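Okay, structure first, notes after.
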Amino acid sequence: MSVRPPIATEQLVGELHALAAISDCPEPPPAVTRIVFTETDRRAREYFISLCNAAGLVVRCDAIGNTFARWEGTDPTLPAVATGSHTDAIPHAGMYDGTTGVLGGLEAIRALQRQGVTPRRAIELILFTSEEPTRFGVGCTGSRTMAGALSPDDLRQLTDEAGHDYDTVRQQAGYKGSLSSVALQPGAYHAFVELHIEQGPLLEAAELPIGIVTAIAAPATMEFVITGEGGHAGGVLMPVRRDALVAAATMITRIEELAFQSGSPDLVATVGALDVHPGAVNSIPSRVRFTLDLRDIDGKNRDATLGAIDRATRQIADQRSVTLAARTLNADPPAIADPLVVSAAREAAEQLALPYQEMVSRAYHDSLFMARIAPTGMIFIPCRGGVSHRPDEYASPEALQAGVETLALTLARLAE
Ligand code: GLV
Ligand code: MN
Ligand code: MN
């Protein structure tokens with residue numbers, strides 16, 4: 001058996017483009033918007049399932065739409081090896097985030113099939129429901145629930161901006177089983193490995209085709225709602241104003257200062273969403289909501305900065321006589337990759353003569369939660385300019401091929 005799995009790169013690129021065309025983005029592909037449990041999400045899943053069926057995989061879904069495509073092994077009693085990622089996409093995203101690990105995972109399996117490999121353990125390809133936090137505010141709801149980190153009650157409390165709750169929406173999308181059936185026991189999988197674009201510039205700068213992830217940074221999300229007093233933009237004089245947006249702006253500037261002052265070069269803070277009420281040119285903002293995304297490789301430092309932000313924003317609210325309601329939506333610990341998967345990926349890259357570096361993932365992934373129930377690792381490929389979460393996100397066919405080859409060999413090793 002030749003070492004190099006025969007990757008149908010052109011076919012894979014064609015499938016990535018076909019998936020990118022299933023989008024709600026007002027801009028044409030490669031700009032993609034695909035929000036969980038929408039009609040567009042359903043059509044994307046249907047396309048994925050049709051490709052899995054064509055490859056002879058047996059497909060099942062759990063009660064929140066996590067989708068499992070199984071290639072049976074010669075010993076079905078052994079825990080399977082799993083791979084996968086997500087197909088949901090934030091507004092105005094690119095076409096490679098998540099999809100590379102889903103369709104690339106499928107191509108890795110098809111390449112092993114073409115090669116005549118018969119794995120001892122089953123290999124399961126997982127499409128995780130909503131890795132992105134866009135609709136319900138919390139990322140990785142699929143893998144988070146599989147890992148038992150989000151309970152059925154937690155899921156029921158989630159609502160979208162229109163006030164629809166998660167439980168109703170997932171049932172309307174066709175997923176009707178019991179929410180308590182989603183969590184898996186540790187040991188359900190022998191190992192999990194996710195292929196993903198790097199979403200950062202390091203591999204491209206180092207001219208390396210492969211990154212092997214050793215740890216995933218700890219993400220946290222907060223929501224702040226500030227209530228001041230609205231009024232006429234002409235009639236209310238400056239000394240008596242309680243402008244919610246000026247208070248929010250002061251807080252956001254302070255958050256940036258605290259991020260710089262944290263002492264950690266890895267700490268990043270982003271305020272990415274801001275809603276202003278009533279949002280009229282001649283009306284003083286009475287209510288503002290904004291979100292905070294805060295991450296660090298060092299979970300303790302991330303938490304210390306969260307605490308400092310909490311204190312500073314309360315103080316600003318007091319000084320400006322506005323009320324502040326702040327809540328933490330998630331504050332997850334970092335994840336460490338398992339030596340079993342890291343060494344399998346390393347050996348795969350070496351066998352393929354693909355140079356690699358070990359690195360941390362600053363973005364989060366479903367692997368953050370799979371690591372709680374299975375030995376987990378990730379394979380990164382470079383993306384142009386390190387750009388992601390933008391329509392101009394791009395991974396070359398050569399980069400995709402190297403990643404899928406490495407994934408295929410890693411899976412074959414883990415399934416031996
Ligand atoms: C995942 O999309 C992340 O925001 O890291
Ligand atoms: Mn993403
Ligand atoms: Mn992703």
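Rule-based calculations on the coordinates, nothing more; no lab input. The shown structure was predicted, so the numbers you read here are calculated from the model rather than taken from an experiment. Heads up, the Cβs are rebuilt from the backbone with ideal geometry, glycines too, and the neighbour counts pull from every protein chain shown.
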For this session: Between ASP160 and ALA55, with labels modelled 7 Å along Cα→Cβ, what's the label distance in nm to one decimal, could you check?
Result: 2.8 nm
Problem set entry | Dipole magnitude (debye, nearest 20) for segment 58-182, charges at Cβ of Lys, Arg, Asp, Glu | 540 debye
Exercise. What value does the chain have for Rg/Rh, both radii from Cα atoms and Rh as Kirkwood defines it?
Worked result: 1.01
Exercise. In a solvent-free Debye calculation with one equal scatterer on each Cα, what is log10 I(q)/I(0) for segment 342-393 at q = 0.17, 0.18 Å⁻¹, listed in the order of the q values?
Worked result: -0.70, -0.77
Problem set entry | Relative contact order [Cα under 8 Å, 6+ residues apart], the chain, whole percent | 24 percent
Problem set entry | Taking GLU198, GLU161, GLU223 and counting other C-beta atoms within 10 Å, the order from fewest to most | GLU161, GLU223, GLU198
Exercise. So for the chain: antiparallel DSSP bridges make up what percent, rounded to the nearest 5?
Worked result: 65 percent
Seminar exercise, completed: In nm, the gap between the two label points placed 7 Å beyond Cα toward Cβ at SER264 and ASP298 is 0.7 nm
Problem set entry | From phi via Karplus (6.51, -1.76, 1.60), per-residue ³J(HN,Hα) for segment 334-347 in Hz, x at Gly/Pro | x, 10, 10, 5, 8, x, 4, 7, 4, 6, 5, 5, 4, 4
Exercise. Using only Cα atoms, what is the ratio of the radius of gyration of segment 218-331 to 2.2 N^0.38 Å?
Worked result: 1.12
For this session: Mind putting a number on the dipole of segment 218-331 about its Cα centre? Charges go on the C-beta only, +1 for Lys and Arg and -1 for Asp and Glu, and I need it in Debye to the nearest 20.
Result: 320 debye
Exercise. Over segment 127-175, what per residue volume does the convex hull of the Cα atoms give, in whole Å³?
Worked result: 73 Å³
Problem set entry | Net lengthening on full extension, MET238/GLN319 (0.36 nm per residue, minus Cα-Cα) | 27.7 nm
Exercise. Can you put TYR175, TYR166 in order, fewest other beta carbons within 10 Å first?
Worked result: TYR175, TYR166
Seminar exercise, completed: Proxy exposure order for VAL240, VAL342 (fewest C-beta within 10 Å first) is VAL240, VAL342
